[in-house]
Every structure is written in structure tokens, then in C-alpha cells.
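Notes follow the structure.
The values are calculated or read from the model by the stated rules, or taken from the named source; none is laboratory data. Quick caveat: nothing in here was measured; it's all calculated off a predicted structure. Using ideal geometry, Cβ is built from the backbone for each residue, glycine included, and neighbour counts are taken over all protein chains shown.
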Amino acid sequence: MRSQLSDISLVAQVVVLHNNRAFDQLVGKYQSPLRRFFLHLTCGDSELSDDLAQETFIKAYTNLASFSNLSSFSTWLYRIGYNQFYDYLRTRKETTDLETHQVDAEYSVQQTDVGQRMDIYRALSTLKETERTCITLFYLEDQSIDKIAGIMGCPSGTVKSHLSRAKEKMATYLKQNGYDGK
């Protein structure tokens, strides 16, 4: 609750007082989680993740006055990011690049088991975009079903269905590729 009040205060400072440093604080707070969200949605494409995060913050800044506090700032921001990702997919002619991106060298160095990470990205790439979004938000971003429903603009039951189907598809893919569930 304290974090949400802090976010609202920062939004008010930007909108009313034109305090751009307040927006910098919001960017600092949400930049890593939003980039990580995109990194999972794009199956490890860090350049695309950075671009989408930047576009999301630009859109959030230009539309900050329309934030009505009906949801938390983070839900509103992730909703913008979710829409940016789908706008990107809609404007793209082919989606094959999204399926099997290599993790860039900088990210790879940080991982203890790059092969396992790549298998997870490949499993994620077998999912529909809505399923991948639900899995990413629920398991990797630790968001609640209700918050995911708010971000995606769909009922909680739909989110649960996407999660169930996605888990089943990922489990099948991983079992077929040598993971025995241990």
C-alpha cells in the first residue's frame, strides 16, 4: 500500500508540478521489472526488450495525466507495456525471430546454466502470446491472477485457463526434450 501511495504521489508531482525527476524515480523503480517482463515475452531478445521498455515509458509519460488511479500505477504501466508488445507483434510481418532468439553474451555470462535458460525460452516460444504473458506475469513477475486480469483486460477465469494450458504445453515440451520433471 505504501508503494502504491508513493507512486500516486510521484505521478501527481509530474502531472501537477511538472517535476520530471519524479518520473525518473518511477522509471528507476519499474525499469528492471518491465525489461525483465519483455525479456521473457520476447524469449530472450534483450535489444527488443529494451526498445519495448523505452517505448512503454515514453507512452506512459505522454499519457500520465490520463492515469485515473482505478488500478495501481504498476498495473497501468504493465498494461501499456502489454499493449506495446502486441502492437509490435501486429505490425510485424513474420514472427519466426521471436521463436528461438539466442541470449546475448552479456545476459549469458550472468546465467549459471545457459542451456537450461534457453530450453525455458524455447518452451515459452511454443505458447500463444496470451499464454506466454500469463506465465511470465504469474511465475516470473510474481503477479496475482487479479492483477494479470487487469493488465490483460480479461476475466480472472480466462487468466487461469491460459495458465493451465500454458503449464501443460510447457511441461509436454520440456518432457519431450529430456526434462523428467525433477
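Just to verify a result, which residue in the range 125-169, among those that are outside any helix (DSSP H, G or I) and small (G, A, S), is farthest from Q84 (Cα to Cα)?
Only one residue fits best here, namely S144.
Can you pull out the residues in the range 30-78 that are of a type in the set (S, T, N, Q) and either farther than 30 Å from D119 by Cβ or not in a helix (DSSP H, G or I) (or both)?
T42, T62, N63, S66, S68, N69, S71, S72, T75
Go over the candidates D146, D142 one by one and state the one that is surrounded by fewer than 18 Cβ atoms within 10 Å (Cβ to Cβ), of a type in the set (D, E) and within 20 Å of L39 (Cα to Cα).
One residue alone meets the criteria, D142.
Search the range 65-76 for residues being buried (at least 18 other Cβ atoms within 10 Å of the Cβ) and free of Cβ contacts under 8 Å to residues at least 60 places away in the same chain, and hand back the single one that is nearest to the chain's Cα centre (by Cα).
For the range 65-76, the residue satisfying everything is W76.
Yes/no per residue for (1) of a type in the set (F, W, Y); (2) crowded, with 19+ Cβ neighbours inside 10 Å; (3) touching a helix residue (DSSP H, G or I) at 6+ places or on another chain (Cβ under 6 Å):
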position: Q13; (1), (2), (3): no, no, yes
position: L17; (1), (2), (3): no, no, no
position: D24; (1), (2), (3): no, no, no
position: Q31; (1), (2), (3): no, no, no
position: R35; (1), (2), (3): no, no, yes
position: L39; (1), (2), (3): no, yes, yes
position: G44; (1), (2), (3): no, yes, yes
position: E47; (1), (2), (3): no, no, no
position: D51; (1), (2), (3): no, no, no
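Which residue, of E99, E94, is closer than 23 Å to M170 by Cβ, of a type in the set (D, E) and either over 13 Å from the mean Cα position of the chain (by Cα) or at pLDDT below 95 (or both)?
E99
Regarding the range 109-122, can at least one residue be identified that is assigned to a helix (DSSP H, G or I), among the hydrophobic types (A, V, I, L, M, F, W, C), at pLDDT below 90 and more than 19 Å from F38 (Cα to Cα)?
Yes: the range 109-122 contains one or more residues that are assigned to a helix (DSSP H, G or I), among the hydrophobic types (A, V, I, L, M, F, W, C), at pLDDT below 90 and more than 19 Å from F38 (Cα to Cα).
Consider Y179 carefully, then state whether it is part of a helix (DSSP H, G or I) and closer than 20 Å to G44 by Cβ.
In short, no.
Could you give me the residue pairs with C-beta distances under 7 Å whose first residue belongs to the range 136-157 and is more than 14 Å from R79 (Cα to Cα), whose second residue is acidic (D, E) and surrounded by fewer than 14 Cβ atoms within 10 Å (Cβ to Cβ) wherever it lies, and which are 6+ apart or on separate chains?
Short answer, once both residue conditions are applied: S156/D146.
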